[in-house]
Amino acid sequence: LGTAKDVTLGPTAIMSLLVSSYAFHEPVYAVLLAFLSGCIQLAMGLLHLGFLLDFISCPVIKGFTSAASVTISFNQIKNILGLQGIPRQFFLQVYETLRRIGETRSQGWSCCCACPFLRLGRPRQPGFPPPAVPPTALGSRQVFTVALSAAARNALVVLFAGLVAYSFQVMGSQPLTLTGSIPQGLPAFRLPRFSMAAPNGTIPFRSMVEDMGVGLAVVPLMGLLETIAIAKAFALQNDYRIDPNQELLAMGFANVLGSFVSSYPITGSFGRTAVNAQSGVCTPAGGLVTGALVLLSLAYLTSLFYYIPKAALAAVIISAVVPMFDAGIFRTLWRVKRLDLVPLCVTFLLCFWEVQYGIVAGVLVSGILLLYSIARPPIKVLEGDVLLVQPGSSLYFPAIECLRDTVCSYALAASPPRSVILDCRHISSIDYTVVAGLAELLQELRKHGLSLAFCSLQDPVLQVLLSADLEGFQHFPSQEEA
């Protein structure tokens, strides 16, 4: 139901950790949390609150995707090397992997090499480089075979690795670490439980909601933030637009309907989304194909998944997420606007600790920089018989003190003190705090025998100032008289 063709929703490590904090390791709480989170996300979508997500800037998205690419890739290294018991936290992963490097078994390097090789034959799409082999050099049947192989390269790698593992199993030796047994069958379709049996009686719905507390806000918002960040990252890379309100509705429906089949809250998965995008999906309807295959696999094919090597799955994920690391963005922002490196670096570094902290910190830093530019607009001052003061943008309440200080410092410091003309050609709107500040500025200049005149007033600003009935405003000269 969403507009992002690449995004794949599902359980993620981040959401699992959040749910475990607010569901108290009780499945009933987790399923109810999914239902309530979906309702909150649906309400946000129906109220068109998706505009709030426009405050996620491009540097924040780039920092998130680059850090996620590194963390997800390194998280799969343990499967490539055949290591067990590696912790999830990134810094502990690095430490444990390096400490136990002598125990490694290189199982998946061939798979890692095969995925990029098969990608060379991929047909050209918008935003992608041309294929390595020109189609004109091949026949139509060969072109179709190469294109099909390239599109299905992830499945081919997994299938081939599974056949190799099965061959080892038949011969009686198994050097590979396998996926293992997966339960077969589909979950029952039923309403989530709105109460829970306990040793001392029944916990009612109201008590369950009170127990989850702030989790009812944190879980849906963090799930939404992660999904939109992923959607914007892939939309930016593949040159298409997303509708945040539609994504809200899609996530809400997914969580509500998921709760009917005993799902806990879900969100966008960076790794699965990267695999989806690299596989060549073209529309959101690809989710129908993926969902149908998952249902069929759960019903009939789980016994075959036993033989899939973990190294093969890790290689597919690594080859999908590595291209998302954008090393050039640091150089680009250094040339374009160096201040944008601040939210980028904050997001990038904190995402190695926890992804949700990195995204939130990046959004906050971007917001602070935005507010600072509003509070300190560029003000041009031209000196002459009178001072001409020209603000470079609209005036809002954080900026009025800066304007007053600038006007007073120039007007009163001059010898002799000079009157001021305020050029308002770039001011399209003002608020009450600005009007009150201008009234105080008028009084302060009048105490020193100086006047403040306005010129180039736009109609909305003029109407506001006339409505405010500022003392002495009617005596100011017009633009022509100035």
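The values are calculated or read from the model by the stated rules, or taken from the named source; none is laboratory data. All values derive from a computational prediction rather than experimental measurement. For neighbour counting, all protein chains shown are included, and Cβ atoms are generated from backbone atoms with ideal geometry for every residue, glycine included. Just so you know, the surface numbers come from the protein's heavy atoms only, side chains and all, with ligands and any DNA or RNA stripped out. Shrake-Rupley method; radii C 1.70, N 1.55, O 1.52, S 1.80 Å.
Would you pick out the residues in the range 246-282 that are of a type in the set (Ser, Thr, Tyr) and farther than 26 Å from PHE51 by Cα?
SER259, SER262, SER263, TYR264, SER279
Quick one: is VAL209 surrounded by 14 or more Cβ atoms within 10 Å (Cβ to Cβ) and among the aliphatic types (A, V, I, L, M)?
Against the criterion (surrounded by 14 or more Cβ atoms within 10 Å (Cβ to Cβ) and among the aliphatic types (A, V, I, L, M)), VAL209 qualifies.
Please list, ordered by residue number, the helices (runs of 4 or more DSSP H) wholly in the range 223-340 having 1 or more residues that are within 25 Å of GLY2 (Cα to Cα) and either more than 17 Å from the chain's Cα centre (by Cα) or in the same structural domain as THR65 (by the TED database) (or both).
Result: 244-259, 270-278, 286-296, 310-321.
So LEU1 fits all but one of (1) assigned by the TED database to the domain that holds MET208; (2) in contact (Cβ under 8 Å) with a residue 12 or more places away in the chain; (3) over 12 Å from PRO220 (Cα atoms); what number is the exception?
That leaves (1) as the condition not met.
Under the condition of being among the polar types (S, T, N, Q) and part of a helix (DSSP H, G or I), which residue from the range 402-427 is most open to solvent (accessible area, probe 1.4 Å)?
Applying the filter and picking the extreme gives SER409.
Go through ASN200, ASN238 for me and flag whichever is surrounded by 13 or more Cβ atoms within 10 Å (Cβ to Cβ), polar (S, T, N, Q) and either modelled with pLDDT of 85 or more or at negative phi (or both).
Exactly one of ASN200, ASN238 is surrounded by 13 or more Cβ atoms within 10 Å (Cβ to Cβ), polar (S, T, N, Q) and either modelled with pLDDT of 85 or more or at negative phi (or both), namely ASN238.
Looking at SER366, SER373, SER393, can you tell me which residue is part of a helix (DSSP H, G or I) and surrounded by fewer than 17 Cβ atoms within 10 Å (Cβ to Cβ)?
SER373
Within the range 337-358, is there a residue that is open to solvent by 70 Å² or more (accessible area, probe 1.4 Å), of a type in the set (D, E, K, R) and more than 30 Å from ALA165 (Cα to Cα)?
Yes: one or more hits.
Conditions tested, residue by residue: (1) farther than 16 Å from ILE40 by Cα; (2) of a type in the set (S, T, N, Q).
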residue: ALA233; (1), (2): yes, no
residue: GLN246; (1), (2): no, yes
residue: GLY252; (1), (2): no, no
residue: LEU257; (1), (2): no, no
residue: PRO265; (1), (2): no, no
residue: GLY268; (1), (2): yes, no
residue: GLY271; (1), (2): yes, no
residue: GLY280; (1), (2): yes, no
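Filter the range 164-183 down to the residues that are open to solvent by 100 Å² or more (accessible area, probe 1.4 Å) and touching a Phe, Trp or Tyr at 6+ places or on another chain (Cβ under 8 Å) and list them by number.
Those that are open to solvent by 100 Å² or more (accessible area, probe 1.4 Å) and touching a Phe, Trp or Tyr at 6+ places or on another chain (Cβ under 8 Å): TYR166, SER181.
Restricting to the range 253-291, name every residue that is open to solvent by less than 40 Å² (accessible area, probe 1.4 Å), in contact with a Ser or Thr (Cβ under 8 Å, 6 or more places away or on another chain) and not aliphatic (A, V, I, L, M).
ASN255, PRO265, THR267, GLY268, SER269, PHE270, THR273, ASN276, GLN278
In the range 292-336, how many residues are crowded, with 20+ Cβ neighbours inside 10 Å and within 12 Å of PRO59 (Cα to Cα)?
The qualifying residues number 2.
Checking TYR22 against (1) in contact with a Gly (Cβ under 6 Å, 6 or more places away or on another chain); (2) open to solvent by 40 Å² or more (accessible area, probe 1.4 Å); (3) over 22 Å from VAL219 (Cβ atoms), which test does it fail?
It fails just one condition, (3).
Among the residues of the range 9-18, are any more than 25 Å from THR290 (Cβ to Cβ), part of a helix (DSSP H, G or I) and in contact (Cβ under 8 Å) with a residue 24 or more places away in the chain?
Checked the range 9-18: no residue is more than 25 Å from THR290 (Cβ to Cβ), part of a helix (DSSP H, G or I) and in contact (Cβ under 8 Å) with a residue 24 or more places away in the chain.
Looking at the range 171-186 only, could you name the residues that are touching a residue at least 60 places away in the same chain (Cβ under 8 Å) and of a type in the set (S, T, N, Q)?
THR177, THR179, SER181, GLN184
For a quick check of your reading of the model, give me the residue pairs whose first member lies in the range 71-98 and is of a type in the set (Asp, Glu), whose second is in a helix (DSSP H, G or I), with beta-carbon atoms closer than 9 Å and at least 6 apart or on different chains.
Listed pairs, sorted by first residue: GLU96/LYS78.
What pairs can you find where one residue is in the range 428-440 and part of a helix (DSSP H, G or I), the other is of a type in the set (D, E, K, R), and their Cβ atoms are less than 9 Å apart, with a gap of 6+ or different chains?
Partner pairs satisfying both residue conditions: GLY437/GLU401; GLY437/ARG404; LEU438/ARG404; ALA439/GLU471; GLU440/ARG404.
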